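Comments concern the structure below.
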Amino acid sequence: MAAALRFVRKWYSIPLLLLAWEICVSTGAIESRLLPGLGAVWAALSGEIANGVLVQHAAVTVGRALAGFALAAVVGVPLAAAMSRMPLFGRMFEPMFFFGYPVPKIALFPVFTFIFGIGSLSKTAFAFIECLYPIVVTSYLGIKGIRSRLLWTAQNMGADEITILRRVMLPAALPSIFAGLRIALPLAVVVVVVTEMIGDNQGLGYYVTIWSTRFRFANVYAGIITIGICGFVLDQLLGLFRSAVVKWEKDQPRFTRV
Amino acid sequence: MNARLALEKLIVPIGLLLLWEATQRAGVLPTYLSSPSSIVAALVELTESGELPAAMALSLMRAYAGFFIGAGLGVVLGLIAGLSQGVREFIDPLVSFLYPIPKITFLLIFLLIFGLGTPSQIALVALAVFFPVFIPSRYAVQSVNQLYVWSGQNMGAPPMTVFFRVIVPAAAPVLFAGLRVGLAHSFVVLFASELIGGRSGLGFLIVDGEEAVRFDIMFVGIVGFALIGFASDRVLMALRRSALRGQAIGTEEQLV
């Protein structure tokens, strides 16, 4: 009983919001074309999932986002390691990443479309460049922040450079590497959706845009909900992966996530 | 020694710019990539004609208006939610439900509600900024060391004093982290909205240059966007430094 009450207290606001939505729609307080009833949204969502349209667009979006994200992780983490272990290399690339970090990379959209075309390649390239910055910066600061005492101890015990890298530096830097990945992954989804909205003929961003221009808002909300679900599931999977790899440290609250 | 250090820091960007210029002049690069010298020429041209300053001012106004509304709501509601369990229990599920949805997808709905142009863009920026500011503010208040609060109360401070002199300063570093992320978000959302439904501003300048096959103008718009994004971040970081003297030691912001 107490548990049920706690559950209600924890989650009551979502059904309350949905109820307010439904009341607004059925009494006609808000123009119903912009705000379709919950039943219509549910019908659109379940219908489009059942006939595979939403699933197909979601697969395109998630595929692009993951490809760009994975590429950024594969390039970014070794780059950050090299930057922090080789001072000259670090000094050469540090300004590029620290000055470029607050620059809105999305402004390069037309250039990327010219170079990579309008399809998956330019979207993946965009996700890559957006993810690269947070991954490199957080990993770099994480690896730089490893206490020298740990490295000295390992060297003192006769470990070679590879062993130090694998057994000392990697575990010590993993939490900050994962912090960077966790910032980057939702960014990848957002960027892919944005670029799909600007110009494409597939993906969830396209789906939302095309149904908006046709004033079919039940489908628009179905698309938005699907994007939310994709982002949520990807983040949860990364969280599971993190807790499987970094067993010794609890995940921190995700307040620095973008 | 200092000159050498400066050279090491500048060699990559300068080298890239020189390579860009040289390959363009040699005719290796396609024309849509323009060249640094023609971009600078167009930059001077558009600055003298007043088009670039006007577009930058308009985009900045939209971004800041949206940012102040969204960030203001985010900080205030975040602080309230951090203090009051009732408010927390009401807002938390809604936030966790709405947070993973990219706010940019509401662009076309906002266009229909607020009309084409500035109001819908400001509203969209405000919505996008709210979440990354609200969540840190809420957690920041909750993670304030309870001992500080007790000490304040023990010394006879009234609740308002405890709030403004203990809780807000202790939460400020995390609060600024959220503001920084929110600021970055505001420019991304603004760019997309100016590109999709805009008739003015830097995003429109970029599209306009692209459609007129004036790629140098397109790049001027991109440079302008990079400049306002970068400068705004620096201003926020400067504010942060003066607000948090002595609190920023060993944090990421110290380096970036």
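Provide the FRET efficiency to the nearest 0.05 for the B:Val213-B:Val40 pair, computing r from the beta carbons and using R0 = 22 Å.
Numbers: r = 19 Å, r/R0 = 0.87.
It comes to 0.70.
So, with a 1.4 angstrom probe, what is the percent of accessible area on chain A that is carbon and sulfur?
On the way: 8730 of 12570 Å².
C and S atoms contribute 69 percent here.
What Rg and what Dmax come out for chain B when only alpha-carbon atoms are used, in angstroms?
Gyration radius and largest Cα-Cα distance of chain B: 22.5, 76 Å.
So how much accessible surface do B and A hide from each other in total, probe 1.4 Å, in square angstrom to the nearest 100?
On the way: alone 14610 and 15130 Å², together 24640 Å².
Approximately 5100 Å² gets buried when B meets A.
How would B:Phe191, A:Phe89 rank on accessible area, largest to smallest, probe 1.4 Å?
Values: B:Phe191 0, A:Phe89 65 Å².
Ranked list, largest accessible area first: A:Phe89, B:Phe191.
Once every DSSP H run of n ≥ 4 in chain A is given -39500 (n - 2.57) and the sum is divided by its residues, what mean residue ellipticity at 222 nm do you get, rounded to the nearest 500 deg cm²/dmol? Don't skip to the end; give the middle numbers.
Details: 11 runs with 195 residues, N = 258.
Calculated mean residue ellipticity at 222 nm is -25500 deg cm²/dmol.
In the calculated pair distance distribution of segment A:100-168, what percentage of Cα-Cα distances lie above 21 Å?
On the way: 1178 of 2346 pairs.
The calculated P(r) of segment A:100-168 puts 50 percent of pairs beyond 21 Å.
Counting residues in segment B:173-251 as N, plug N into 2.2 N^0.38 Å and put the Cα Rg over that result. Write out the running numbers ahead of the final one.
Details: Rg = 16.2 Å, N = 79, 2.2 N^0.38 = 11.6 Å.
Taking the Cα Rg and dividing by 2.2 N^0.38 Å, one obtains 1.40.
With +1 on each Lys and Arg Cβ and -1 on each Asp and Glu Cβ, and nothing else charged, work out how big the dipole of chain A is about its Cα centre, in Debye to the nearest 20. Mind dumping the intermediate values first?
Details: 22 positive and 12 negative charges, 153 e Å.
Dipole size: approximately 740 debye.
What ³J(HN,Hα) values, in whole Hz, does the Karplus curve 6.51 cos²θ - 1.76 cosθ + 1.60 give for segment B:40-46 when θ = phi - 60°, with x put for Gly and Pro?
5, 4, 5, 4, 5, 4, 6
Compute the accessible area per residue over segment A:1-154, keeping the other protein chains in place, probe 1.4 Å, unit Å². Working shown, then result.
Details: 7710 Å² over 154 residues.
Averaged over the residues of segment A:1-154, the accessible area is 50 Å².
Determine ³J(HN,Hα), in whole Hz, for all residues of segment A:212-219 in sequence, where each value follows from phi through the Karplus function 6.51 cos²θ - 1.76 cosθ + 1.60 and θ = phi - 60°; x replaces Gly and Pro.
5, 5, 9, 6, 9, 6, 4, 5
Spin-label point model (7 Å from Cα, Cβ direction): what's the A:Arg216 to A:Ile118 distance in nm?
Each label point is offset 7 Å from its Cα along the Cβ direction, giving 2.1 nm.
Can you compute the helix-only [θ] at 222 nm over chain B? Use -39500 (n - 2.57) per DSSP H run of at least 4 residues, normalise by all residues, nearest 500 deg cm²/dmol. Mind dumping the intermediate values first?
Details: 11 runs with 200 residues, N = 256.
So the helix-based figure for chain B works out to -26500 deg cm²/dmol.
Using θ = phi - 60° and the Karplus relation 6.51 cos²θ - 1.76 cosθ + 1.60, list the HN-Hα couplings for segment B:11-24 in order, rounded to whole Hz, with x at every Gly or Pro.
Running phi through 6.51 cos²θ - 1.76 cosθ + 1.60 with θ = phi - 60° gives 5, 5, x, 5, x, 5, 4, 5, 4, 4, 4, 5, 5, 5 Hz.
Give the Rg (one decimal place) followed by the Dmax (whole number) of segment A:1-96, computed from C-alpha coordinates and expressed in Å.
24.3, 68
With axes computed from alpha carbons, what is the tilt in degrees of helix A:2-11 against the longest principal axis of chain A, rounded to the nearest 10 within 0 to 90?
Relative to chain A, helix A:2-11 is tipped by roughly 90 degrees.
Could you tally up the Lys pairs in the protein assembly as shown with alpha carbons closer than 19 Å? Skip any pair fewer than 8 positions apart unless they're on separate chains.
Working: A:Lys105/A:Lys123; A:Lys105/B:Lys103; A:Lys123/B:Lys103; A:Lys144/B:Lys9.
Final tally of qualifying lysine pairs is 4.
Once you keep just the Cα pairs under 8 angstrom separated by 6 or more residues, what percentage relative contact order results for chain B?
Working: 273 pairs, mean separation 60.7, N = 256.
For chain B, the relative contact order is 24 percent.
How big is D for the protein assembly as shown, in µm² s⁻¹ as a whole number, if Stokes-Einstein is applied with the Kirkwood radius of its Cα pairs at 10 °C and 1.306 mPa s?
Working: Rh = 24.8 Å.
The Stokes-Einstein estimate is 64 µm²/s.
Measure nothing fancy, just the Cα-based angle from helix B:168-197's long axis to the longest principal axis of chain B, in degrees from 0 to 90, nearest 10.
Tilt of helix B:168-197: around 40 degrees.
Could you calculate the contour length gain from A:Asp160 to A:Val53, that is, 0.36 nm times the residue separation minus the distance between their Cα atoms, to one decimal place in nm? Walk me through the numbers before you get to the answer.
Numbers: separation 107, 0.36 × 107 = 38.52 nm, distance 5.40 nm.
Net length gain for the segment: 33.1 nm.
Given contacts defined as C-alpha pairs under 8 Å and at least six residues apart, what's the relative contact order of chain A, whole-number percent?
Values: 269 pairs, mean separation 65.0, N = 258.
Taking the mean separation of contacting Cα pairs over the length of chain A, I get 25 percent.
Distance in nm between label sites at B:Ala172 and A:Ala172, each 7 Å beyond Cα in the beta-carbon direction?
Rounded to a tenth, the inter-label distance reads 3.3 nm.
Taking Cα pairs under 8 Å and at least six residues apart, what relative contact order does segment A:28-177 come out at, in percent? Before the final figure, lay out each step's value.
Working: 103 pairs, mean separation 41.0, N = 150.
About 27 percent, as a whole number.
Restricted to Cα positions, what overall size does segment A:36-245 have along the principal axes? Three whole-Å values, descending.
That gives 68, 37, 22 Å along the principal axes, largest extent first.
Given R₀ = 35 Å, FRET efficiency for A:Ala20-B:Phe164 by Cβ-Cβ distance, to 0.05?
Numbers: r = 34 Å, r/R0 = 0.97.
Calculated value: 0.55.
The values are calculated or read from the model by the stated rules, or taken from the named source; none is laboratory data. These numbers were taken from a predicted model, which means no experiment stands behind them. Note that we place each Cβ from the backbone using ideal geometry, even for glycine, and neighbour counts take in every protein chain shown. Please note that ligands, DNA and RNA were not included when accessible areas were found on the heavy atoms of the full protein model with its side chains. Shrake-Rupley method; radii C 1.70, N 1.55, O 1.52, S 1.80 Å.
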